[in-house]
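Shown next, in structure tokens, is the structure this report addresses.
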Amino acid sequence: MAKRQPISPIDFPILFLTLALLAFGLIMVLSAGAVLGFNATQNSYYYVLQQLKWVGIGSVFAAIVIKVPYTFWRRFSGIGVLISAILLTVVIFTGAGIAAKGSARWIQFAGITIQPSEITKLTLVLFYAHILDRFPVKKGKNWRAPLGILLPLTIVILVLVYKQPDLGTVMVLGLTSGVMLLQTEVPTLWFVAAVPALGLPLVYFIHGYQWRRILVWLDPWKYALGDGYQITNAEIAFGSGGLFGVGLGRSLQKYGFLPENHTDMIFAMVGEELGLVGTLLLMALFIVLFARAYYVVRQCPDRFGRLLGFGLISSLAIQTTINLSVVTGVLPVTGITLPLISYGGSSLVITLIELGLILNVTRYCVKARKKEGNVTDVSDLSV
């Protein structure tokens, strides 16, 4: 079928908020990574230059997915989630996996290091949207077909990610799957049963170091010189920042005191250098971005587009919430990045692709409404 050219602009509030968060993140990576970069490479700008490279790569992919109608990508949903599962398997069960800090989460391909669990965040949402649209659940009926496909797949994916181990990403994937199923009329009993069915085995398989993280979370200062070193120094960073912060670039915690200050713990750097005002500003940008995206996507005239947009936004919102909760001590420490802010190639590229797809959904929904009025189906937008 011939490709139809879009006639509506992308949603500029979402684009503006994305760019604002990207700029915020680059400034914080420049500041937080300066000392570490100089010590490692004699170049204080090393990490921000690397981050700029990933911004460029992610922007190219985002531009591609914005350009092509979102209905085109659903045909790759099955092969996408299959490739993700294969990559996760390769990372765990072969020597190709690259280990760091006790976890094997990365694999090198064509000279590029990628994190399969990040790709899975995208492909799983795409597959869920495809299946839940292909087998709609109405009035609590016809739920066996979608659940029969999705539940076994989700369990396999979660087990593979958990084996890395990467409990933070397991939480993101599991919660994203749950909220997408909540958009259907699947019987409530399934959600009630899912908590013990998935939670109890998870508790049984928790590793020793994960139990220690729970103990540290309950009383971090008791373990301040050991496993609680990271979270207690994050608390020191927030306390030092006060209301307005010590000033951009003037952090003391980045001088070897706070581990992962440019990645997982970068929000603590925001608290130290920009204070409570800076942290509230950053949180406000995220809240407005997600609220705007939810508002626009819910007006999409076709079910697949609504499910895809809702799933992608929810995944980003869940990951953001978990990271902020971890850094502020609300949840036990787990290695998960702050979207658009933390340093990291795979995470940043996938996040930009997800936001590109969200912009794509809004663009074609607006196009259909402008051209046809009260539209209920845009399946003709496929290429």
Checklist entry - From the residues in the range 132-149 that are under 10 Å from Thr184 (Cβ atoms) and hydrophobic (A, V, I, L, M, F, W, C), which one is nearest to the chain's Cα centre (by Cα)? => result Leu132
Next on the checklist: Checking Asn261 against (1) closer than 19 Å to Leu124 by Cα; (2) in a loop (DSSP other than H, G, I, E, B); (3) not hydroxyl-bearing (Ser, Thr, Tyr), only one condition comes out false. Which one?
Outcome noted: (1)
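Residue-wise test of (1) outside any helix (DSSP H, G or I); (2) within 26 Å of Tyr45 (Cα to Cα); (3) β-branched (Val, Ile, Thr).
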| residue | (1), (2), (3) |
| --- | --- |
| Ile236 | no, yes, yes |
| Phe257 | yes, yes, no |
| Met269 | no, yes, no |
| Leu282 | no, yes, no |
| Val288 | no, no, yes |
| Gly311 | no, no, no |
Checklist outcome for this item: (1) at positive phi; (2) in a helix (DSSP H, G or I) all hold for Val277 apart from (1)
Item to check | Residue list for the range 293-334, filter: polar (S, T, N, Q) and touching a residue at least 40 places away in the same chain (Cβ under 8 Å) | outcome: Gln299, Ser314, Ser315, Gln319, Asn323, Thr328, Thr334
Item to check | Index of the failed condition, Leu173 passing every other in (1) at pLDDT 80 or above; (2) surrounded by fewer than 13 Cβ atoms within 10 Å (Cβ to Cβ) | outcome: (2)
Item to check | Filtered residue count, the range 263-292, keeping only those that are within 17 Å of Thr351 (Cα to Cα) and in contact with a Gly (Cβ under 7 Å, 6 or more places away or on another chain) | outcome: 2
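The values are calculated or read from the model by the stated rules, or taken from the named source; none is laboratory data. A quick note: this is a predicted structure, and the numbers were derived from the prediction, not measured. Cβ: placed from backbone, ideal geometry, glycine included. Neighbour counts: every protein chain shown.
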